[in-house]
Structure formats: C-alpha cells, structure tokens
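The values are calculated or read from the model by the stated rules, or taken from the named source; none is laboratory data. Small disclaimer: the values here were computed from a predicted structure and weren't measured. Positions of Cβ are backbone-derived with ideal geometry, glycine not excepted, and every protein chain shown enters the neighbour counts.
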There are 2 protein chains.
Amino acid sequence: MTAHARLLLLASFLLPTTVFAQAIPDDVKVQAEALRDAALQDSVAYDIVESLTMEVGPRSAGSAGDAAAVRWAIDKLNALGFKNVHADEVLVPHWDRGTLDIRITAPYPQFLVATSLGGSPGTPEEGIEAELVRVESLAELRALSREQLAGRIAFVDHVMERKKSGAGYAVSTRIRSCGHVVAAERGALATVIRSAGTSTHRVAHTGSMLRNNVPATIPGIALANADADILAYAMRSGEAVKLRLHSSARYLKQEMSANVVAEVPGNGDLANEVVILGAHLDSWDLGTGAIDDGTGVAIVIAAAKMIMESGESPRRTIRVVLFANEEFGLSGANKYAEQHASSIDQHVVGLEADFGPGAVWKLSSQVAEDALDIVAELHTLLEPMGIEQGDNKASGGADLGPLRKAGMPVLGLSADGTEYFDYHHTADDTLDKVDRDDLNQNVAAYVTAAYVAANIERNFGRLQPSNNVNTCAAEFD
Amino acid sequence: MTAHARLLLLASFLLPTTVFAQAIPDDVKVQAEALRDAALQDSVAYDIVESLTMEVGPRSAGSAGDAAAVRWAIDKLNALGFKNVHADEVLVPHWDRGTLDIRITAPYPQFLVATSLGGSPGTPEEGIEAELVRVESLAELRALSREQLAGRIAFVDHVMERKKSGAGYAVSTRIRSCGHVVAAERGALATVIRSAGTSTHRVAHTGSMLRNNVPATIPGIALANADADILAYAMRSGEAVKLRLHSSARYLKQEMSANVVAEVPGNGDLANEVVILGAHLDSWDLGTGAIDDGTGVAIVIAAAKMIMESGESPRRTIRVVLFANEEFGLSGANKYAEQHASSIDQHVVGLEADFGPGAVWKLSSQVAEDALDIVAELHTLLEPMGIEQGDNKASGGADLGPLRKAGMPVLGLSADGTEYFDYHHTADDTLDKVDRDDLNQNVAAYVTAAYVAANIERNFGRLQPSNNVNTCAAEFD
C-alpha cells in the first residue's frame, strides 16, 4: 500500500466518505488525463482496424478467415511489443451461409434481397414454395394457431427502432432467435423476418438464430428493409402471396479457433490481479468486420499499448482478450470463463468494446455498491469528452457475460449506436464507416478507465454470481 | 389565332420586344399556375411509381419484367383515361448478368462485391486469374504499353465526384464505355472499374459498356466503392496483386419490347402539333427502377393527367412516350425518331424526366434564339419553386437525343442530382428513396412547362439538325 493510499484509507474512517474521500489518487488522475488527451490526438487504433479488415476481412467462426485472423492477431500483438501473447484454442461451430434465392411468385413475380440467418438449415434441394402469413410481433406470432401456420411461411415484419442506445436491437434479436421456434411449433416451413437493422440500403442483416445454442429446425431468412417493404405491399393486395426460396446453408464440421491473449504485465503487489480489455476477433462473413468488431479489437489494443508505452508498468496486469466466435454462440467467452474459473477473483474488472466506433457518450457500471464512488470519480475524468454518468446495471458486453455472472464487476463505455445498426451484420460493415476522431475518442475513454482500474489501490468489489437463462418462453418476451 | 395572340403579334412589331412583348398570355399563365400549385399539393405520381416498382420491379430490356412493364403501362394509361394508348414494338437486345465471383488471390485472399457491366461478355468457364494494373484515369490507361497490360487486368480507380448537376457521371461513364476498349487494344484480359456512383454502400453500380452500340470484347466489372478501396489498399502493399474472376454474363436472343405511347389530344388549329413528355420504361435489373426511371414515368404521366383533367383540351396534343430500352442502347428512342422522321416538324418541343426525384432546381433549354423570351417567361412561373434560369445548351435527355438531333427543341428541368448517384443503377434503386414532396415538385414543374408549351400561340422554333458521334478516340476524352 502506498503512503498516499494509506492516507486515503485513514481519511475514509475519519471523514464523511461522500464528501472528502478520494477514490482515485491525484497522481493516477494526472497520468490518466495525460493518456486520455494523447489518445484524443492520435492513436494506433485506425491502423489496426485497417490492417485487420483489409488484409484479413471476413472471419466468421471456423472459416479460413477466422484462422487467418488468429494468425494476424498473434503477429500484430507481438509486433506491438505485448507480453505473454498466445492463442488459447477454442472449438467453434462452422456454419456456412451457402447461397440463397428468394422470390415472390404470386400475385406477381419479384426477386428479393435477403440473407440466411446464422444457423439456418438449408431448404430441401427442390426448395420451398408456400403461402405467406404476416405478423408484426412475436406476440402476434404466438397468437396464431397450427391451422393458420402449418405448411406456410411466417413473415415477422417488425421495424427496428433507431436509438442512440441501440435498445431497438433487443426486440429484433428476440424475434430472430425465437420467431423460428414459435413458428416451427405451429408447423411453419420457414421464417422470414425484416432485418434486425436500420439500414435503408439493399443489404440484409444477418445474425444468430440460436438461443442457448439450440439449433434451428426450419430455415430463417432476413430481408433487407426495402424488400420487406415489397413483401408488405404485396400482402396489402389482399391476394394470396407466395414465396419460393432455396438455401444451401448448412453446418460443416467444427473447427479449432482461439482466444488471442496479450498482456501488459503488472508490477508489484497487485500484479496477479487482472483488468480485462475484451473484444471479439470473429466477424460475420458479409462485411469485413470493421465496426463489428474490428474497431473493438483496435480500441482495446490501442488503449493497452498506450499504457504499456507510458513509461511505468501498471500495478495490475492489463490483459487484452480477443475472443473467438462471439457471433455464433460465445464459444470463446464461455471457454475463457471455464479456463479461469479458479482465478475468477483475480479478475478485478472488465471492459469490453463491441458496439462500433461511435463516440462514447455514457459510462455505466455493474460493480459493488461501495465501489460506486470510484466510478463517479472516473466519470469526472471522462466528462470533458461529453460522457454522461449512467447507472449501475451495465451488462458489460456479451463476451464478458460469463465472467460477470461469475462475479467479475464490469464498466460499460457506451458508444453512440444511432448509426451502428445501419452497417452492423451487413455487407456494409467496412472500413469506410469508421471515423478516426470518434475511434480515438473511444481509445481515450478506454485508456482512461483501464489505467485507473489498473493503478488504484481499491477495487470494484464482487458481484453476486448468477445463472439467469433467458429462453424462448413467452414469459421472457 | 386568338385575338389575344394577334394583339401580341402586333405589339411585337410596334414595341421593343425585350421590354413589352408577352410570350405567354395571361390566361395561359393563370391556368399554368393553378396546375402548378395543385401538383405541389398532391399528384398521382407517387402511386404510379409505387405500382410500377412494387408490382413489376426490375425490367431490363428483353427480360420478363420488361414485357410485364409494357403490359403494366398499357393498363395504367388506359385506366387513367388517356387516349390513343398503344405499344409501338421495338426490337431490343437481351443481355443477361448471370453470376459473378471476383476475389483477390494475392497477396492475401479477400472476396469483393462487384457487378458485371451491361454488355460484358462472360469469362471462360475456368475463369480468369491475372495480375492487376491500377490507373486512375483514361489518360493513364492510354499511356500504358501493350507490354504493361497484355495478359493482365486493368483497374481504373477513378472516384466519381458528387455534384448537384451530376456532372461527375460523364467522366465515369466514359471510363465505363471506353476503358475496356483501350485496355483490350493493349491485350488486357478484363477491366475492373470503381463504380460510376457515389454510394458508400456495398452495392455495385452497373451501366452500359457500349459506345455507339459496339459490343465489348473483354469482361467489364464495377466494384462497390468499399471494394475498390480494398483493392487500392492491396496495391499499396507493393506486392503483386492478383484477381480471380468468373462471370457467366452473356447475350441471349433479341426480344420484342415496345415504346408505350398515350395522348392528351389537342383541340383546334394546333392539334396536329405535339409536345413530347418522355421517360423510359425499362430499368436495370439490380434495383426495382424507382428513381431510374420509375419517377420519370410517374412525373410525365401525372403531369399529362393533370392537363387532361383540367377541364379544357390543350391546343396542341400532349404525347407521353415511355421509351423502350434507354439503358442499353436507346432502342426505343432511335425507333421512335425513325418512325416519326416525316412528322418531326410537328414535334414542337420535348421534355424528358430521367434524373430521379430530386427537386427541380434549374430550367434550361435548347430552342431557337428567337424563342428564348418564351423560356424566360416560363421561368417566371417556375421561379417561386426555387428554380433557376439555366442556359440554352440543354441536352434534353438521352431519349430525346435523336429527336433533338433532327431539329426538335427541348426544355430541360434539372432535378437535384446530389444524391442521385447514391442509388442509381444499383440494387438500392428502390421506392423508399423517393420523397413525395420532391416528386410532386417535379410534377409541378413539368405540368407548368407542358401546359405552356401546349397552349401558347408561338412555338420554340427549330434546331439545326446535327449528327455528332462521340467515339472512344482520345480526342473526345
């Protein structure tokens, strides 16, 4: 314990804590602010996302691009000077999108732009041709009888809401991962959904059909928004609308991928404690994975690199984890949590970057109540960048979920998601959607938070372990 | 001649014309303004473009959609109450896009989003794999020797400029229609160009490779802008960049299509004179042909319909011509001009709508010098809608080109093209890109101009016939 920390500890007993206690010592604040300001001016983040997206590109779990991404990450992290760079092998599913042909055959012909959803089985060789039943919500779908749906195709035509928080996505993903379950229970042959995205361009939005890794039994297809409009217009004619579809989507054999890990080792008494900076290395196959999650990869690497090069080792170890297969089952996140179950208490806090390159606008957290003063002081360092103070209900991100459920506190730096779902999970997820200044602002926020977390005497406490499972049952709608 | 017109004619001899003569009588002005204001409030245009794009959709020359569009137009024009509705048969080429697979194979693999250009031959069955040579202009391409290009693929990486006038498109289309000619002369195996469009989305921009209907001898492919970026980045590595491509594009046998014609018959002494309102019925196959040229079809039909329903027949006949195959060789425009060669002098003026639904911002013309006072007076009726007065060098549009070259004057109503090339000739050309208010403003401008042209005593004179041919020779660059 430093003299400074001892003084603070003493102060916290002698004085009303809410008024006088200082959670973050001045020297840590000064250095955090210096890192923050340097990141705002420039960071290596853009070069990293450019290299990953241009030289590797699409990297869905189990694909050749996934393997290339692991090699790229090892090489890049070594070249940047990180320590303990290694790949922890993770077995991943390998689903192949194949080809898709989908068209209206009645009342008039029209082809549609669409994509198979992740995990969709293909159609029989001869395809499927059937009448369409349109609903606008999962509740409306549940209200249909077997008689109404059997032998037909369900069209769930929900328009995703555009929000800074991205909150509209939760409704849409629930339709994506549960709509086919509800439809299949009622004998439907396939489900077609309006893309779980806000793009007005002719690029369909993919994403996983899985919930709790239960395989889909009927094909699931997402239409570009303009194509959902075409189908909705045809339904308004009052005549029977028929679709014909053929998909060659299928599962191939599982492949070995890896979580790629690199460290900025801590120095001294707290060196065995770890601050996790997480992002995911995989991407969907349609784009080049720039905003999902090339920018996350770039942000956490750039933030850790700045701390590494700041002249002094952090007190705690900063561990960058580039998770395998976030998109299609969280393989890497689950594997990491299993592997580190016995050392979970050494994971003092985690930050994940997986919401694109929009400027960070909110700091939230899920930490022990008695550590909220640290978050509040951290917020004062972020506030000059226009970052609000959020609540203590942060999820921390999908890849940190298993660690959080095991008790690890998380900090959440919310990127502005207003435009995120215009590009996310579509062919449009490419480098040109990344704004350098916003990306640097993200690095500034992450480096500030990570530096503070790695260097203060106190920590964020522990969370109550939980094991909530959210199924496709109506009660979770 | 009306009493009013006789008075004007007298006045034009007695007084300095520029000061006192009135080209458009007050009663015509009053009625034109009433039509203009009614169109601004509402018109049938949106319903027309919605019906065409949703119920017919893609309609490239010779396709089943093309035939469906001709039936749609006949039915729609009859239903709206037009007279002399008929289809004038036109033989059109039928080029089929087939499939395209294009990917970088060295220095690292990456698939690319691209599309074959109209008229491209396919590749051999085994595809083409060759090293890439990148240039940024036609001049740079011409400067390459056979030694530098033979056996390679030419990549013309010109970034189209965004302009209200759409002027950047001329440079890009010249590269599209002449780049392959220059490259083939030097032994190149194929040409790849950056899309002749401004979209930042992953939709490639198609368009014709033909100039003066000379068939292309090597494949021509357009990359989406993001994909041209990927290729340009790979070239900067300094290593040899190789592309592999396979295309099944091909010509099928010619098909019969049609110019669809409908009239608002004139009444009285000038009824055998014709004011042409033109647009094209075909579209490229990637989108649903909303802005190119569904909106043009809608604008001219809606404008003519308003005049038809205004209570009194126009003095001249208003003829709506929906031309066949504008996109791939102007088949309908050439056929119409041939068919009407003997009556060309009865075509007093033409207006074409083929630049999307952006608000009209400029009135230009190509009329006899002594008719410029009519254009100036017409402008006073359009000015309240924010429309500027342009020059007397209007092209009048591609489909009116053959008539203009034969001496028919044209008026040009320029739509704001700032965003036009974000959607044009791509899969993104869909109904949701059409703004109702801007579309109505277009109808207002067209109905004003058409009403005036059909009802004034004077006409726009004649143009000097011309037969300029712009080839791929360097002198025309």
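Applying the set (1) more than 14 Å from chain A (Cβ to nearest Cβ); (2) more than 18 Å from residue B:327 (Cβ to Cβ); (3) not in a helix (DSSP H, G or I) to residue B:193 leaves exactly one unmet item: (2). Figure legend. Inter-residue proximity from the range A:54-74: first residues within 9 Å of chain B (Cβ to nearest Cβ), second residues in a helix (DSSP H, G or I) and hydroxyl-bearing (Ser, Thr, Tyr), beta-carbon distance below 6 Å, spacing 6+ or different chains. Indicated pairs: A:54/B:233.
Only one of A:198, A:191, A:217 is in contact with a strand residue (DSSP E or B) (Cβ under 7 Å, 6 or more places away or on another chain) and either modelled with pLDDT under 95 or hydroxyl-bearing (Ser, Thr, Tyr) (or both). Can you tell me which? Steps first, please.
Numbers: A:198 fails: in contact with a strand residue (DSSP E or B) (Cβ under 7 Å, 6 or more places away or on another chain); A:217 fails: in contact with a strand residue (DSSP E or B) (Cβ under 7 Å, 6 or more places away or on another chain).
The match here is A:191.
Please determine, by comparing only the residues of the range B:436-450 that are surrounded by fewer than 21 Cβ atoms within 10 Å (Cβ to Cβ) and over 17 Å from residue B:52 (Cβ atoms), which one is farthest from the other protein chains (Cβ to nearest Cβ).
Filtering the range B:436-450 for residues surrounded by fewer than 21 Cβ atoms within 10 Å (Cβ to Cβ) gives B:436-438.
Now drop any that are not over 17 Å from residue B:52 (Cβ atoms), which leaves B:437-438.
Numbers: B:437: 18, B:438: 16 Å.
The extreme case among them is B:437.
Here residue B:289 clears all of (1) surrounded by fewer than 24 Cβ atoms within 10 Å (Cβ to Cβ); (2) within 14 Å of chain A (Cβ to nearest Cβ) except the condition numbered (1). Residue count for the range A:101-124, restricted to those that are without any contact (Cβ under 8 Å) to a residue 12 or more places away in the chain and under 25 Å from the mean Cα position of the chain (by Cα): 0. Summed over the range B:395-433, residues that are crowded, with 23+ Cβ neighbours inside 10 Å and assigned to a loop (DSSP other than H, G, I, E, B) total 14. Scanning the range A:31-86 for residues that are of a type in the set (Lys, Arg) and in a helix (DSSP H, G or I) returns A:36, A:71, A:76. Residues in the range A:120-172 that are farther than 19 Å from residue A:242 by Cα, charged (D, E, K, R) and assigned to a loop (DSSP other than H, G, I, E, B): A:161, A:162, A:163, A:164. When the range A:226-255 is filtered for residues that are in contact (Cβ under 8 Å) with a residue 60 or more places away in the chain, within 14 Å of another protein chain (Cβ to nearest Cβ) and within 19 Å of residue B:427 (Cβ to Cβ), the ones remaining, listed by number, are A:226, A:227, A:228, A:230, A:231, A:232, A:234.
Filtering the range A:201-213 for residues that are over 16 Å from residue A:175 (Cβ atoms) and free of Cβ contacts under 8 Å to residues at least 60 places away in the same chain leaves an empty set. Does residue A:320 fit the bill of being over 30 Å from residue A:175 (Cβ atoms), modelled with pLDDT of 95 or more and within 21 Å of the chain's Cα centre (by Cα)? Answer is yes for this residue.
Against the test of being more than 30 Å from the chain's Cα centre (by Cα) and on the phi > 0 side of the Ramachandran plot, the options A:207, A:166, A:98, A:127 yield a single qualifying residue, A:127. For the range B:120-131, the condition of being buried (at least 21 other Cβ atoms within 10 Å of the Cβ), among the small types (Gly, Ala, Ser), under 22 Å from residue B:283 (Cβ atoms) and within 14 Å of chain A (Cβ to nearest Cβ) holds for none of the residues.
Of the residues B:299, B:344, B:307, which is among the β-branched types (Val, Ile, Thr), in contact (Cβ under 8 Å) with a residue 24 or more places away in the chain and under 19 Å from residue B:29 (Cα atoms)? Quick ask: steps written out before the conclusion?
On the way: B:299 fails: under 19 Å from residue B:29 (Cα atoms); B:344 fails: under 19 Å from residue B:29 (Cα atoms).
Result: B:307 is the single residue among B:299, B:344, B:307 that is among the β-branched types (Val, Ile, Thr), in contact (Cβ under 8 Å) with a residue 24 or more places away in the chain and under 19 Å from residue B:29 (Cα atoms).
Report yes if residue A:198 is of a type in the set (Val, Ile, Thr), on the phi < 0 side of the Ramachandran plot and surrounded by fewer than 19 Cβ atoms within 10 Å (Cβ to Cβ), otherwise no.
Values: of a type in the set (Val, Ile, Thr): yes; on the phi < 0 side of the Ramachandran plot: yes; surrounded by fewer than 19 Cβ atoms within 10 Å (Cβ to Cβ): no.
No.
Scanning the range A:201-215 for residues that are buried (at least 21 other Cβ atoms within 10 Å of the Cβ), in a loop (DSSP other than H, G, I, E, B) and in contact with a helix residue (DSSP H, G or I) (Cβ under 7 Å, 6 or more places away or on another chain), we see that the one that is nearest to the other protein chains (Cβ to nearest Cβ) is A:202.
Is it true that residue A:183 is part of a helix (DSSP H, G or I) and at pLDDT below 95? Taking the combined requirement at face value, the residue does not satisfy it.
Yes or no, residue by residue, for (1) at pLDDT below 95; (2) over 26 Å from residue A:101 (Cβ atoms); (3) of a type outside the set (S, T, N, Q):
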| residue | (1), (2), (3) |
| --- | --- |
| A:240 | no, no, yes |
| A:256 | no, yes, yes |
| A:260 | no, yes, yes |
| A:269 | yes, yes, yes |
| A:297 | no, yes, yes |
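Considering the range B:102-115, and only residues there that are within 11 Å of another protein chain (Cβ to nearest Cβ) and not hydroxyl-bearing (Ser, Thr, Tyr), the residue that is surrounded by the most Cβ atoms within 10 Å (Cβ to Cβ) turns out to be B:113.
Checked against (1) surrounded by fewer than 24 Cβ atoms within 10 Å (Cβ to Cβ); (2) at pLDDT 95 or above, residue A:471 passes all but condition (2). Any chance the range A:268-284 includes a residue that's surrounded by 19 or more Cβ atoms within 10 Å (Cβ to Cβ), touching a residue at least 60 places away in the same chain (Cβ under 8 Å), within 14 Å of chain B (Cβ to nearest Cβ) and within 30 Å of the chain's Cα centre (by Cα)? Yes; the residues of the range A:268-284 include at least one that is surrounded by 19 or more Cβ atoms within 10 Å (Cβ to Cβ), touching a residue at least 60 places away in the same chain (Cβ under 8 Å), within 14 Å of chain B (Cβ to nearest Cβ) and within 30 Å of the chain's Cα centre (by Cα). Screening the candidates B:341, B:368 for the property of being within 19 Å of residue B:401 (Cβ to Cβ), at pLDDT 95 or above and in contact with a Gly (Cβ under 6 Å, 6 or more places away or on another chain) yields one hit, B:368.
Residue check: residue B:454 meets all listed conditions (1) part of a helix (DSSP H, G or I); (2) surrounded by fewer than 24 Cβ atoms within 10 Å (Cβ to Cβ) but one, namely (2).
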